[in-house]
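Some notes on the structure that comes next.
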Amino acid sequence: MPKIRTLLFLFFLFLSAAVEAKPKPKKVKCKDKGFPQCYKSEHYCPADCLRTCVVDCSSCKPVCTPPPPPPPSPPPPPPKPRKLKSPPPPPYVYSSPPPPPPYIYSSPPPPPRHVYSSPPPPPYIYSSPPPPPFIYSSPPPPATTEPPPPIPPTPTPPTSLSPPPSSEASGQKKVRCKNRSFPHCYGMELTCPTDCPGQCEVDCVTCSAVCNCNRPGAVCQDPRFIGGDGITFYFHGKKDKDFCIVTDSNLHINAHFIGRRNVDMKRDFTWVQSLGILFDSHQLFIGARKTSTWDDANDRLSLLFNNQTIVLSNQEGATWSNSTTYEGITITRTRNTNAVEINVPGNFKIKAVVVPITEKESRIHKYGITQEDCFAHLDLSFKFYALSGKVNGVLGQTYGSNYVSRAKMGVAMPVLGGDKEFASSGPFATDCAVARFNGQLEGKDSSLEVTAYDNMSCGSDMEGEGVVCKR
């Protein structure tokens with residue numbers, strides 16, 4: 001019996017080692033410009049084909065079997081015959097030039113000597129060469145004298161070395177992995193993607209910079225949500241109304257929506273303007289102030305804790321905390337203006353950035369934004385540490401233990417309804433139909449599933465509908 005137990009133990013050790021040795025999933029992109037919503041979006045291969053998947057651009061999802069592309073195969077044949085026809089001309093063009101030069105350089109010496117013996121023939125044959133010799137005889141000397149000057153001016157190439165700083169010139173933020181558990185990536189400096197030049201963080205597992213809006217718990221743009229299950233969906237709500245996005249026993253978050261009526265559609269264009277957060281017996285407010293002309297140097301962030309205004313100096317790293325009121329809560333600026341991180345240990349963390357609707361965005365999406373109001377709003381990223389399996393709300397429900405997404409997948413914009421179900425009467429109201437808040441944390445057994453979402457990392461293009469996540 002002891003020998004059998006020992007053999008079984010070694011067998012299980014071998015199996016666990018084999019499982020851990022699985023290769024990392026490959027990162028793939030959609031390369032078909034015919035699908036702008038998915039073009040260049042990053043995804044990770046599923047477990048069935050960690051290194052051999054491709055992106056199905058129509059559904060914007062990684063698949064193990066690449067979609068058959070019959071049309072692309074015909075085009076290759078036509079170009080080949082054209083290439084076969086083109087070679088003939090080049091030889092004729094380039095074969096003639098080479099001969100003249102050799103004759104020009106080899107004949108000049110003989111002419112002067114044979115001019116006396118056979119003048120008639122050479123003159124006609126070499127009458128043309130003489131000019132060239134004079135033309136080519138002069139270049140050699142200048143070549144020795146002129147080349148030196150041109151070489152100094154060639155510092156023009158250095159100008160080609162200047163483009164690298166373009167990332168800095170375009171305002172792309174530099175970020176580093178700060179998790180020592182990943183020595184291969186720890187401390188490495190990475191540049192934020194062009195889709196989110198100032199809003200990204202490092203995924204230390206893949207050692208890549210990832211947009212904050214492409215991770216589970218993100219609420220950005222016309223609000224695009226990425227649930228705890230990694231599925232992307234849209235919830236439009238209504239302008240000038242409040243909706244419960246997270247509600248649990250000791251955490252309740254309402255979002256106030258602003259927007260414009262879309263004449264061509266039956267809904268409003270909406271964005272999250274502010275949050276009303278309840279936890280324990282405290283109230284926390286974070287919002288974007290109404291702004292006409294956007295200037296990134298002007299702080300448009302509004303913060304209140306228990307109805308008291310929070311003042312933060314306009315400097316990255318500036319921190320506010322109040323241990324006497326609530327032990328451990330901190331609010332830190334992640335940039336000089338318009339960006340903060342709110343951390344309530346053991347409960348939640350929120351990254352918030354105030355952003356405007358740009359003229360380009362308004363033109364592309366036909367928002368109809370005017371100079372009177374650029375609709376400054378919040379791009380948000382949430383992490384939760386103590387949710388129960390019964391958590392609810394537009395975003396919160398996706399962290400529930402029995403949640404199954406109701407959003408219709410495979411469409412350009414999977415939309416989740418529930419305006420009446422999640423509607424609240426005010427920023428700190430707990431009267432939505434699914435409200436669960438009572439200011440007390442439930443037992444430990446109810447929040448075991450949250451750790452799985454906390455360690456999940458995802459990736460996608462900012463314009464894409466889908467996001468691929470992995471733990």
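The values are calculated or read from the model by the stated rules, or taken from the named source; none is laboratory data. Please read all numbers here as calculations on a predicted model, not as lab measurements. No Cβ is skipped: glycine too gets one built from the backbone with ideal geometry, and neighbour counts run over all protein chains shown.
Figures for the structure shown
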item	result
Test result for Ala288, surrounded by 19 or more Cβ atoms within 10 Å (Cβ to Cβ), more than 21 Å from Phe384 (Cα to Cα) and touching a Lys or Arg at 6+ places or on another chain (Cβ under 9 Å)	yes
Hits in the stretch 225-252 - residues which are touching a Cys at 6+ places or on another chain (Cβ under 8 Å) and assigned by TED's automatic domain parsing to the domain that holds Ser424	Phe243, Cys244, Thr247, His252
Within the stretch 268-324, tally of residues that are of a type in the set (A, V, I, L, M, F, W, C) and outside any strand (DSSP E or B)	6
Considering residues of the stretch 407-421 that are over 26 Å from the mean Cα position of the chain (by Cα) and assigned to a loop (DSSP other than H, G, I, E, B) only, the residue surrounded by the most Cβ atoms within 10 Å (Cβ to Cβ)	Gly418
Qualifying residue in the stretch 301-309 (condition: among the β-branched types (Val, Ile, Thr) and surrounded by 13 or more Cβ atoms within 10 Å (Cβ to Cβ))	no
Some residue of the stretch 252-273 being surrounded by fewer than 22 Cβ atoms within 10 Å (Cβ to Cβ), touching a helix residue (DSSP H, G or I) at 6+ places or on another chain (Cβ under 7 Å), at pLDDT below 95 and under 30 Å from Ala412 (Cα atoms)	no
Some residue of the stretch 349-365 being under 24 Å from Arg215 (Cβ atoms), in the same structural domain as Thr309 (by TED's automatic domain parsing), surrounded by fewer than 17 Cβ atoms within 10 Å (Cβ to Cβ) and hydroxyl-bearing (Ser, Thr, Tyr)	yes
Criterion violated by Lys349 - all others in (1) at pLDDT 95 or above; (2) touching a Ser or Thr at 6+ places or on another chain (Cβ under 7 Å) satisfied	(2)
Pairs where the first residue, in the stretch 388-401, is within 14 Å of Glu442 (Cβ to Cβ) and of a type in the set (D, E, K, R) and the second is in a helix (DSSP H, G or I) and modelled with pLDDT under 95, C-beta under 9 Å, 6+ apart	Lys390/Ser446
Ala255 vs. criteria in contact (Cβ under 8 Å) with a residue 12 or more places away in the chain, in contact with a strand residue (DSSP E or B) (Cβ under 8 Å, 6 or more places away or on another chain), closer than 30 Å to Tyr44 by Cβ and assigned by TED's automatic domain parsing to the domain that holds Gln397	yes
Number of the condition not met by Thr293 [criteria: (1) of a type in the set (Val, Ile, Thr); (2) surrounded by fewer than 19 Cβ atoms within 10 Å (Cβ to Cβ); (3) free of Cβ contacts under 8 Å to residues at least 60 places away in the same chain]	(3)
One residue from Gly389, Gly346, Gly393, Gly328 being of a type outside the set (Ser, Thr, Tyr) and surrounded by 21 or more Cβ atoms within 10 Å (Cβ to Cβ)	Gly393
Selection within the stretch 18-55 - over 19 Å from the mean Cα position of the chain (by Cα), surrounded by 11 or more Cβ atoms within 10 Å (Cβ to Cβ) and either closer than 16 Å to Gly410 by Cα or modelled with pLDDT of 80 or more (or both)	Pro46, Cys49, Thr52, Cys53
